[in-house]
C-alpha cells in the first residue's frame, strides 16, 4: 500500500481495507506489512505487524506461516496467490487472475535462465494449487476469473465469490460525475494532441500491437503523439528500444497520481491493447476523467467496461486499432461525452463499498464453513 504502490494489488488492498473500515463493524483488523508506515496506521480498529519479508521467495514460504500464526487471527486473508504452502490456518485468498497459466513469459521471472524459469513456473503452479485447495473462500474480481479458476481447478467450485472492485479511488471519492457530464457537451478541442497508454510493458499488455499500428496512425494524424506511462523496467526498456525508430512517441516512466490525472484529462483517448486482464483499472480511471477508451476485447475487459465503456477492437489486430482511433477522432467531443456517461453507469456497478460488503460476508462464511 501507499503512494509508491498505487497500481494493481497495492491499490486493491488499500481501497478494500478502507471500504471495510467504512462499514463500521466491530471487527478488528491486523495488517501484516513490510514497513511501519501505511495509510491505516492510526485507525483505532487496526493493529500493525511488521514482517519485512520479500514477496515470492523462499523467505516468504518459510517465515510467513509463523507470522500468520503469531497474530492468532480468526481468519487470514492473503490478497494474492502467494500463500505459504505450509500454512493451514483459516484462509481466504484473492485470485486476481491466472495470467501465468496462460502466458508464463509475462512476469519478471521470465528474465531468468531456462532452468530457474522452469523452477519458478513449477513453484507458481504448486503455490496456486495449494492455496486454492486449502482456502475456505476464494475471491475474484470478475466472472471471467471465476470461470478461469474453475476450469483449471475444478475443486474450487462452490468456494468462489465474485466481489468485484471499484472505480479507482483516486477519482471516485472526489469527482461528481453528474456535474461533469452536464459540462461535457461544450467540450471540443481545437486539435488532437496525444493518445495515452498506461501500465506495464509485460508481453501480455499488447504494446507491440500499438507500436505496429503507430506508423499508420501517425501518418494519418501527424500532429498526434503517443505518450506511454509506466515503470521503466527491463520490459519497458525493451519497448523503448523497439520504438526508437518511430516518431512522436514519449516514454514518461512511472508517474504520480496527480500527473496521471492530468494525463487522462487531456488525452484524446487511452489505448489499452492488452491480451489478458483479470480486471483492468486504467480504462476505468480514464473513463472517470472523461477520457475515451480504445480497448481490446480480450478476457474480462468487455465484462468490466460494459457495452458502452469502450470502443473495442479484436486483440492482436493492429489494423483495428487504427480504425478505433479514427472513430474517436471523427467526433472527439461526442466520444468524451460518451466516456463520462459510461463512467456514471460503471460507478454504480463497480464500487468498493459493495466489494467490502461481499468480502466481509465471505469472511463470515469461511468461519462458518458455508
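The values are calculated or read from the model by the stated rules, or taken from the named source; none is laboratory data. All figures in this text were calculated on a predicted structure; none of them were measured in a lab. Note: ideal-geometry Cβ built from the backbone for every residue, glycine included; neighbour counts use all protein chains shown.
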Self-check item: Candidate set from the stretch 194-231 (those that are surrounded by fewer than 16 Cβ atoms within 10 Å (Cβ to Cβ) and either touching a strand residue (DSSP E or B) at 6+ places or on another chain (Cβ under 6 Å) or in contact (Cβ under 8 Å) with a residue 60 or more places away in the chain (or both)); member that is farthest from residue 282 (Cα to Cα)
Solution: 220
Self-check item: Hey, residue 282 modelled with pLDDT of 90 or more, within 16 Å of residue 194 (Cα to Cα) and under 20 Å from the mean Cα position of the chain (by Cα) or not
Solution: no
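Tell me which strands (runs of 3 or more DSSP E) are completely within the stretch 17-89 and hold 3 or more residues being under 24 Å from residue 100 (Cβ atoms), or say none if there are none.
Strands (runs of 3 or more DSSP E) meeting the threshold: 76-78.
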Quiz item: Counting just the residues of the stretch 224-237 that are part of a loop (DSSP other than H, G, I, E, B) and within 20 Å of the chain's Cα centre (by Cα), which one comes out farthest from residue 261 (Cα to Cα)?
Solution: 233
Practice problem: Return the only residue of 78, 53 being assigned by TED's automatic domain parsing to the domain that holds residue 149 and at pLDDT 95 or above. | Solution: 78
Quiz prompt | Every pair of residues 6+ apart whose Cβ atoms lie under 7 Å, when the first sits in the stretch 120-133 and is more than 17 Å from residue 88 (Cβ to Cβ) while the second is in a helix (DSSP H, G or I) | solution = 120/109; 124/100
Practice problem: From 318, 295, 327, grab the single residue that is touching a strand residue (DSSP E or B) at 6+ places or on another chain (Cβ under 6 Å) and surrounded by fewer than 21 Cβ atoms within 10 Å (Cβ to Cβ). | Solution: 327
Exercise. Scan the stretch 238-255 residue by residue and report those that are part of a loop (DSSP other than H, G, I, E, B) and surrounded by 11 or more Cβ atoms within 10 Å (Cβ to Cβ).
Key: 243, 246, 247, 248, 254, 255
